[in-house]
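The values are calculated or read from the model by the stated rules, or taken from the named source; none is laboratory data. Worth saying up front: this structure is predicted, and the values here are computed from it rather than measured. Please note: Cβ atoms are built from the backbone with ideal geometry, for glycine as well, and neighbour counts cover all protein chains shown.
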Amino acid sequence: MFARSRRHCRSSWRRHCGGQQLARSALQLFGVIPDPKAIGAVHLRLARRAATPEEAAEHREAARKAWASIDRPDLIEQHLGKDG
């Protein structure tokens with residue numbers, strides 16, 4: 001049983017880290033093909049999985065800026081709150 005739970009933890013960790021890497025790769029692609037709505041969504045996902053509160057705050061701010069650039073206060077309010 002212990003070996004099974006260790007295997008599960010390693011597998012979950014890989015999925016988590018792999019997901020973050022995929023999100024970071026998506027941000028690089030959006031640098032080539034800008035899509036501020038999607039960029040904001042990716043930053044929001046990265047903020048939820050950030051290792052530190054500071055990193056999370058940076059991603060939330062990046063999401064806010066991306067959505068503000070396309071005049072989408074509805075997305076800012078929906079995902080970041082009224083104070084966005």
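Just one of the numbered conditions (1) surrounded by 10 or more Cβ atoms within 10 Å (Cβ to Cβ); (2) at pLDDT 85 or above is not true of F30: (2). For segment 43-56, taking the residues that are among the hydrophobic types (A, V, I, L, M, F, W, C) and not in a helix (DSSP H, G or I), the one that is nearest to F30 (Cα to Cα) is identified as A50. Go through segment 57-84 and give me each residue that's part of a helix (DSSP H, G or I) and surrounded by fewer than 16 Cβ atoms within 10 Å (Cβ to Cβ). Correct list: A57, E58, E61, K65, A68, S69, P73, D74, E77, Q78.
Does segment 1-8 contain at least one residue that is modelled with pLDDT of 85 or more and among the aliphatic types (A, V, I, L, M)? Taking every residue of segment 1-8 in turn, none turns out to be modelled with pLDDT of 85 or more and among the aliphatic types (A, V, I, L, M).
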